[in-house]
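What follows is a single structure, written as structure tokens, with notes after it.
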Amino acid sequence: MSEKRRTYENFVIGLLTGVGVAALFTWQLVKERDACEPVVDVEYRKVGRESFPQTVIRRPVRDGNRCVLAEASA
């Protein structure tokens, strides 16, 4: 009987581990779906008479069902 009980305990532990991993992956997928993709932008910085391109990565924010770039006002 001890062997049978150990088999059931191992089965329950494996089942709970599988459910936990599946919940973690599902939560990660939902979180990624709601995230907005970053936007790569090029700004030109002027140093003296020359201007140099500089790559800037902007993170949009979610506003309802759409992603918008927020502008900070000074």
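The values are calculated or read from the model by the stated rules, or taken from the named source; none is laboratory data. Treat the numbers as computed from the prediction; the structure is a model and nothing was measured. Using ideal geometry, Cβ is built from the backbone for each residue, glycine included, and neighbour counts are taken over all protein chains shown.
Can you pull out the residues in region 15-35 that are among the β-branched types (Val, Ile, Thr) and either closer than 26 Å to Arg62 by Cα or touching an Asp or Glu at 6+ places or on another chain (Cβ under 7 Å) (or both)? Break it down stepwise before answering.
Initial filter on region 15-35 (among the β-branched types (Val, Ile, Thr)): 17, 19, 21, 26, 30.
Within region 15-35, Thr26, Val30 meet the criteria.
For Arg6, indicate whether it is at pLDDT below 85, under 23 Å from the mean Cα position of the chain (by Cα) and basic (Lys, Arg). If you could, list the steps in order and put the result at the bottom.
Numbers: at pLDDT below 85: yes; under 23 Å from the mean Cα position of the chain (by Cα): no; basic (Lys, Arg): yes.
Considered against the rule, which asks whether it is at pLDDT below 85, under 23 Å from the mean Cα position of the chain (by Cα) and basic (Lys, Arg), Arg6 comes out as no.
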